[in-house]
Structures are given as structure tokens and as C-alpha cells.
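The values are calculated or read from the model by the stated rules, or taken from the named source; none is laboratory data. Worth saying up front: this structure is predicted, and the values here are computed from it rather than measured. Cβ placement follows ideal geometry from the backbone for every residue including glycine, while neighbour counts extend to all protein chains displayed.
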Amino acid sequence: MRTSFTTLNFMRSSIAALDHLVLATPDLAGTAAWIEERTGVKPSPGGQHVGRGTRNMLCSLGATSYLEIIGPDPDQPPPAERRPFDVDHVTEPTMVGWAIAVPDMQVELATSRARGYDPGPAMAMERRRPDGVLLSWTLTSPPSIVVPFLIDWGDSLHPATTAAPGLELVELQAVHPEPGPLAEKLEALGVTMGILRGPEMLIVELRGPLGTITFPSVEFVGA
């Protein structure tokens, strides 16, 4: 059995625990072009989420974390259910969630539940990269913008290893109307994070060779 970080009571910072950030957009190509213009990093193609009506592009944030830019896929028909991550309702690039990496999903779920927080059931997903490689993983459902969902890549190659390099994650904090309860949930997941009081959102700063992008203070001009 693989060793669990949280089972060892090893607390990680939000940046250290991060698997990926989720940036939802109504215009995937336009947002990718905007990121390239602002930071100097051109996002790489990720792949289709077949049946969900979405596609993604990726930027590596290091060896084990990345930025996922997700938007409607024009090559798929509208899905029967609404697209994930509120893609149908965002009007500009918006940070809508984050995932933390876990080495053994079942162990992590049991550990978190024993600590008083239930992340919910894990489900299996997959997507095929443009080069034909099939990626598969298990994950829990995103409970909210600031409460992370869990992801276990199993034997799949982590997307950060092939995503466009050059971005650095400078800041990752949360804003929440009730910082105390949020901190308790994060602690159950083995994560510490700066939390400000206010309307729920993620505060993110990304730095590239040409400049910096911050969220939620987005100055976006759609392409």
C-alpha cells in the first residue's frame, strides 16, 4: 500500500499540496492567447472531456502541479447535463477550483473522514491526450471554490510533466465568509492555507517570463 501524507500527520502548504488549479473560461482559445500575451507562456493542448462538452489546455507550475484552463469544446455537441466547473455561466476567465494530490485515494478518504470531514465518493475519469496517450485518474467532486477536491493519478503520467513550462505559482490563498470552519476542513485533508474573511474566492498569482497574472483581479479582453 502506498504511504499517505495525511496518515503520517504531515501537513502541507496549499502550494506544496496542489495538484492543479482550475481556470474556467467561456473562450478557451481566447484565454490561452491572453495568458501567452501576458506571461510569455503558451498553454499546451490537453484534450477533450468526451461527453462533458469541455476541452482543456495546460501550463505546468512545476514537476507535480499545473494550471488547467477549461472551456466549451466546439467539436462536441452540448452535453445532456451542464458542463463542469460552471463553464456555461462564467463570462471571463475565473478560478473555480483546486485539487490536491493524494497518493492513495481510499486511504486519504478514510483519514479525512476520521478527522471529521467527508470529501464524498471518488469517481474514475479519463481523457485522451492529442498524442493518443490515455490518462486515467480518480477524483472527488469539487465541493466549492475554496475547498479542494482530491485527485489520484494512479499509474498515469502526471500532466505537469508534458504541459507547457514557464509559469510559477507565486500565491494561493482563500477568501471565505467563515475562515474557521474552512481551516478545519483543510486540516482534515492535511493542508494549511492562508484564509481571509470575505466572499468565497481563490486568490492566485501566476508569474511568467513576460509578466504576472492575478486572480480575481482579471483584466481580460476576449480574443
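Okay, here's what the table says:
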item: Criterion violated by LEU58 - all others in (1) of a type in the set (A, V, I, L, M, F, W, C); (2) at pLDDT below 95; (3) in contact with a Pro (Cβ under 9 Å, 6 or more places away or on another chain); (4) surrounded by 20 or more Cβ atoms within 10 Å (Cβ to Cβ) satisfied; result: (2)
item: Only listed residue being free of Cβ contacts under 8 Å to residues at least 12 places away in the same chain and surrounded by 16 or more Cβ atoms within 10 Å (Cβ to Cβ), chosen from GLU68, GLU36; result: GLU36
item: Leading residue by the ranking (surrounded by the fewest Cβ atoms within 10 Å (Cβ to Cβ)) among those in segment 112-131 that are in a loop (DSSP other than H, G, I, E, B) and small (Gly, Ala, Ser); result: GLY116
item: Cβ pairs under 6 Å, 6+ apart, first in segment 9-23 and under 18 Å from ASN56 (Cα atoms), second part of a helix (DSSP H, G or I) and at pLDDT below 95; result: VAL22/PHE85
item: Which numbered condition LEU28 fails, given (1) more than 26 Å from GLY194 (Cα to Cα); (2) surrounded by fewer than 22 Cβ atoms within 10 Å (Cβ to Cβ); result: (2)
item: Hits in segment 185-195 - residues which are surrounded by fewer than 16 Cβ atoms within 10 Å (Cβ to Cβ) and in contact with a helix residue (DSSP H, G or I) (Cβ under 7 Å, 6 or more places away or on another chain); result: THR192
item: Qualifying positions in segment 43-65 - among the β-branched types (Val, Ile, Thr) and either touching a residue at least 40 places away in the same chain (Cβ under 8 Å) or closer than 16 Å to VAL204 by Cβ (or both); result: VAL50, THR64
item: Answer from LEU134, LEU157, LEU210, LEU182 - the residue that is more than 15 Å from the chain's Cα centre (by Cα), loosely packed, with under 13 Cβ neighbours inside 10 Å and either of a type in the set (Asp, Glu) or at pLDDT 95 or above (or both); result: LEU210
item: Members of segment 73-106 that are acidic (Asp, Glu) and either modelled with pLDDT under 85 or assigned to a helix (DSSP H, G or I) (or both); result: ASP75, GLU81, ASP86
item: Counted residues, segment 168-179 - those being under 30 Å from ALA33 (Cβ atoms) and buried (at least 18 other Cβ atoms within 10 Å of the Cβ); result: 4
